[in-house]
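**Student:** Before we start, here is the structure in question, set down as structure tokens.
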Amino acid sequence: MNVPASRRRRYLLPGLMSATTVFGLACWAILATEPGCLAAQGHWSSGAGKCHTRLCLLQGDCGEMASPIVACNKVQVGDSRGRVYFHLGNPLPGAGAEAEWPAGKADNGMIRARFEDDRLVSLACPVTP
């Protein structure tokens, strides 16, 4: 049985749209959980109940970490500003060549980073007790 090409094309687009929607919903459902977020190499914001993947750099919002000090060991001199922001979260407003984050919820100091040409040149993390 031969089906005309125009008729086949008519059903192709809705089929592709449906498959794309199912895939998108599956990804969203996985990333909406902490284990799924960590499996996607993201970081989980327990306060907001939200997963931040590296797409946060394109979106301009990597969230606020409750304790960015725990990620100090994941960044090093020479890392890009984006990598630092991904691991430590959004810095306090007004970040330019220098950026700051509260180390944690309790008053245990500030994390300070200095950038040149969007590369980390120094990072000062308070010592954890």
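The values are calculated or read from the model by the stated rules, or taken from the named source; none is laboratory data. In this text, all values refer to a predicted model and were calculated from it rather than measured experimentally. We place every Cβ from the backbone using ideal geometry, glycine too, and count neighbours over all the protein chains shown.
**Student:** I'm checking my understanding of the structure. Among residues of region 34-64 that are touching a residue at least 24 places away in the same chain (Cβ under 8 Å) and out of contact with any strand residue (DSSP E or B) (no Cβ under 7 Å at 6 or more places or on another chain), which one is nearest to Gly104 (Cα to Cα)?
**Tutor:** Within region 34-64, the match that is nearest to Gly104 (Cα to Cα) is Asp61.
This table checks each residue for (1) under 13 Å from the mean Cα position of the chain (by Cα); (2) closer than 23 Å to Val127 by Cα; (3) surrounded by 13 or more Cβ atoms within 10 Å (Cβ to Cβ); (4) of a type outside the set (Val, Ile, Thr).
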| residue | (1), (2), (3), (4) |
| --- | --- |
| Gly47 | no, no, no, yes |
| His52 | yes, no, yes, yes |
| Gly60 | yes, no, no, yes |
| Ala66 | no, yes, yes, yes |
| Val70 | no, yes, yes, no |
| Asn73 | no, yes, no, yes |
| Gln76 | no, yes, no, yes |
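**Student:** Determine whether Gly104 is touching a residue at least 24 places away in the same chain (Cβ under 8 Å) and in contact with a Ser or Thr (Cβ under 7 Å, 6 or more places away or on another chain).
**Tutor:** Yes, satisfied.
**Student:** If you go through region 111-129, how many residues are part of a strand (DSSP E or B) and of a type in the set (Asp, Glu)? I'd like the intermediate steps shown before the answer.
**Tutor:** So the first thing to find is which residues in region 111-129 are part of a strand (DSSP E or B), and the list is 111-116, 119-124.
Imposing the further condition that a residue be of a type in the set (Asp, Glu) reduces the set to 116.
Total meeting the criteria: 1.
**Student:** Across region 90-118, what is the number of residues that are of a type in the set (Gly, Ala, Ser), modelled with pLDDT of 90 or more and within 22 Å of Gly42 (Cβ to Cβ)? I'd like the intermediate steps shown before the answer.
**Tutor:** Of region 90-118, the ones of a type in the set (Gly, Ala, Ser) are 94-97, 99, 103-104, 106, 109, 113.
Remaining after also requiring modelled with pLDDT of 90 or more: 97, 99, 113.
Keeping just the survivors that are within 22 Å of Gly42 (Cβ to Cβ) gives 99, 113.
So the answer is 2.
**Student:** Can you report the number of residues in region 98-111 which are under 12 Å from Ile69 (Cβ atoms) and of a type outside the set (A, V, I, L, M, F, W, C)?
**Tutor:** Taking region 98-111 as the starting set, the residues that turn out to be under 12 Å from Ile69 (Cβ atoms) are 101-106, 108-111.
Retained after the next criterion (residues that are of a type outside the set (A, V, I, L, M, F, W, C)): 102, 104-105, 108-109.
Residues in region 98-111 being under 12 Å from Ile69 (Cβ atoms) and of a type outside the set (A, V, I, L, M, F, W, C): 5 in total.
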